Structures are given as structure tokens and as C-alpha cells.
Amino acid sequence: KLKNYRGEMCMKIYIVNGTPLSGKTTFCNMVIKIVGEDKGRNFSTIDKIKEIARDFGWDGEKTPKARKFLSDLKDAFTDWNDLPVRDVKSRLASFEEDLSRTNNEEGAVVFIMVREPDEIRRLCKELGAQSLLVRRRSSELAEASNHADKNVLNLKYDLVINNEGSLEDLAYTALEFVEKEELFFPHWKTIKIDKNGRIYYT
């Protein structure tokens, strides 16, 4: 089991990367669905930047131009006051406090989406986390619009998830991940996965 940033043995933290449309968010949300939404979270170092961008007219679009804008804005705040990292650390601490109050830390999981290799290395070290790459070859063929997307593969990751099949295949990959990483979920015999990758318990 990994330690959190206070050195306590509890939940596991993964710093996640992947090219746009690789399925990384879908995979992480599937894992959280399996372990239970009270025991999992999915954060991103771009979340706070998106909030700020919306205040100045960004409408949520994910065009190459918009991705470059968000990447540039994140760089500016990182250089100015380290806001993206401070934000995810604050949200992580709040989640840990919630788990601690309910004595629910064992088997819990947090995914933190990060694009920049240097920032991934930093957070892995500071949070006692593992790096995780979600790969889909078709998504890696698209031309990157910013330096963060261009450098996704410029790092040796601790774990790699290959997403080359259907949503159902990815859901079973998420289930295997939960088993291998010894995360929590209610009961093997009650979990079901349908053809569309929907995960539920009977």
C-alpha cells in the first residue's frame, strides 16, 4: 500500500496522463464506480484553471485552440503562485479528512490528472503516488496543439493501461486494475458489466 503525503498508510493515489480522447477519464471513473463513489475521487490540475477560464468567456469547448488557451493559462498560474498543484492538494486533504471521519480510508483511491512530465514526477514524490498512463493509439496520431499534449509520452510511467477495445473491454480492464491494486469494492459476485461498459451491482 502507498502512503499519503503525511506518511500515513491509507488510500492509493495515481497521477494519470494520456493524450486527448485516450479514455483516461472514463477509465478512472469506471474504477471509482467499482470501489464506490464514497471511496474514490478524480481530480485534475486543470480544474481550477477551467473555473477561471469560464469566468472570462471559455464555454467548455475542447478545440485545439481552447486546449492551447487552457495550457497557457495553467502555465501562467503555475509560474505565478503554483495554483494548480495547491488546488489539488487542498481537495485531496479535504477528501482524506472525510475518509478519516468515517474510518473509510482502506482501499480508497484518488486519481489526479496531470499532463506535464515534471509535474507528474513532482506529485508522485510529494504524494507517494504512482504514475499511470492510459494509451489509445488512435488518439496519439492527432497533432498536439500545446506542449503539455506533445509531451504526454515523454515519461516512463509506473503503470500503463491499454485502451484499444470497446467500453465493455475498458470496464473489465478497470475491474482487473481494482483487483491487482487491492482496492475496495463490495463483492465480486454482485458486480455486473453490460455491453456498453455500464458497471452496476445486483
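The values are calculated or read from the model by the stated rules, or taken from the named source; none is laboratory data. A quick note: this is a predicted structure, and the numbers were derived from the prediction, not measured. FYI the Cβ positions are ideal-geometry reconstructions off the backbone, even for glycines, and counts take in every protein chain you see. Heavy atoms of the whole protein, side chains included, go into the accessibility calculation; ligands, DNA and RNA do not. Shrake-Rupley method; radii C 1.70, N 1.55, O 1.52, S 1.80 Å.
The table for this structure:
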quantity: GluC sites (Glu not before Pro) within region 116-188: DSSP coil, no more than 15 neighbouring Cβ in 10 Å; calculated: Glu143, Glu164, Glu182
quantity: FRET efficiency, 1/(1 + (r/R0)^6) with R0 22 Å, evaluated for Glu182 and Thr25 via beta carbons; calculated: 0.45
quantity: Label-point gap, in nm, between Leu155 and Gln130 - each point 7 angstrom along Cα→Cβ; calculated: 1.5 nm
quantity: Percent accessible area from carbon and sulfur atoms, region 118-171, protein chains only, probe 1.4 Å; calculated: 46 percent
quantity: Potential extension, Ile52-Glu168 segment - 0.36 nm per residue separation minus Cα distance; calculated: 38.2 nm
quantity: Exposed trypsin sites (Lys or Arg not before Pro) absent - longest run of the chain, DSSP non-H/G/I/E/B, at most 12 other C-beta within 10 Å; calculated: 63-155
quantity: Accessible area per residue in Å² at 1.4 Å probe, computed on region 124-202; calculated: 62 Å²
quantity: Proximal lysines to Lys89, defined as alpha-carbon separation beneath 23 angstrom and excluding residues fewer than eight positions away on the same chain; calculated: Lys1, Lys3, Lys12, Lys24, Lys33, Lys39, Lys48, Lys50, Lys74, Lys125
quantity: Formal net charge of residues neighbouring Lys150 (Cβ-Cβ distance under 12 Å; K, R +1; D, E -1); calculated: -1
